[in-house]
Structure formats: structure tokens, C-alpha cells
1. Going from the alpha-carbon gyration tensor of the range 1-43, what semi-axes, largest first and in whole Å, does one get by taking the root of 5 times each eigenvalue?
2. Suppose R0 equals 35 Å; then what is the FRET efficiency for Lys29 and Val120 from their Cβ-Cβ distance, rounded to the nearest 0.05?
3. Which of the following values of mean projected area of the Cα convex hull in nm² was calculated from the structure shown: (i) 16.7; (ii) 7.3; (iii) 6.4?
4. Would you mind computing, in nm to one decimal, how far apart the modelled labels at Trp57 and Arg100 are, each placed 7 Å from Cα along Cα→Cβ?
5. Please name whichever of Gly71, Pro13, Thr3 sits farthest to the positive end of the charge dipole of the chain, dipole taken about the Cα centre and charges placed at Cβ: Lys and Arg +1, Asp and Glu -1.
6. Between Ala14 and Tyr47, what FRET efficiency follows from the Cβ-Cβ distance if R0 is 22 Å, with the result rounded to 0.05?
7. Is there a quick way to get the dipole size of the chain? I mean about its Cα centre, with the Cβ of Lys and Arg at +1 and of Asp and Glu at -1; what is the value in debye to the nearest 20?
8. How high is the FRET efficiency between Met1 and His66 when r is their beta carbon distance and R₀ equals 22 Å, given to the nearest 0.05?
Amino acid sequence: MPTVAEALRQFAPAYLQQHADSISVAEDKVLGAITRCRTGALGGVHYQCGGCGSDHWVGRSCGNRHCPNCGHQRTQAWIETQAAKLMPVHHFLVTFTVPREVGLVLRVHQRDGYRCLFDVELPTKS
């Protein structure tokens, strides 16, 4: 099964060339780290079995938090921490937008502004 890194090594160069004007430095850095991860481009470590003497070489990891190989354990730990904070009830998320002018006021006066929004009674349709 192909990995994310293999797919990026194959397709990222053309993508980066096509979208060069819209890729941020941070995004470019992440893509570069993931495509070099465990390939030897970042160096490597040579191991030798003490029992049989066989050699084993492993490329160094990039350590980037976005890398599926390097960031997986930290991501799973973060998910478990967040899941432990969830209340044991069914819930849902409601997202709504407000006009920009209202948003600017809400950003400065969050406590009072959001209280007003949630306390408002909407008219019923007749």
C-alpha cells in the first residue's frame, strides 16, 4: 500500500510548480520534510545485530508534527486527551456567521456579545 510520503514524492514537485504562487513557506517546509523522511536524505543510522551480525540501515525521521510517520503517536495521544475531556452525552456543534461589523464587536466584547446572541428569541413564522 502506498504511503503519504510516497505519494508526495511522486506528485508534490508538479503540484508545487503549478501552485508556486499560493504555497506558503511553512507548507513548502512541511512537504519537504515529509518527502525526505526516512529516505536517507536526512542521514541514517546503521545497526548491527549482536547475535547474527546482520546489518540494518534506517533513514532518519523528519520529526515534523504533520508527518504521518513522525507525528502519528503524538496525534493519537492528543486525540485521546481531547476525547477524555468530552462529556458523556450526545452533542452537536452549531456554526453560524455574523456580518463583519458584528464580528468585530464580538471579538472585543466576547462574553457580553455571545450572551446576547444566545439569549435572543427568534420570531416564529406565522
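Any read-out appearing in this document is the output of simple, stated calculations on the displayed coordinates, not a laboratory observation. This one's a predicted model, so the numbers in the text were calculated from it and none came from an experiment. Don't worry about glycine lacking a Cβ; one is built from the backbone with ideal geometry, like all the others, and counts go over all protein chains shown.
1. Numbers: eigenvalues 72, 33, 11 Å².
The three semi-axes for the range 1-43 are 19, 13, 8 Å.
2. 0.20
3. (i)
4. 5.7
5. Towards the positive end, the residue furthest out is Gly71.
6. Values: r = 36 Å, r/R0 = 1.63.
My answer for the efficiency is 0.05.
7. 180
8. Working: r = 20 Å, r/R0 = 0.91.
The computed FRET efficiency comes out at 0.65.
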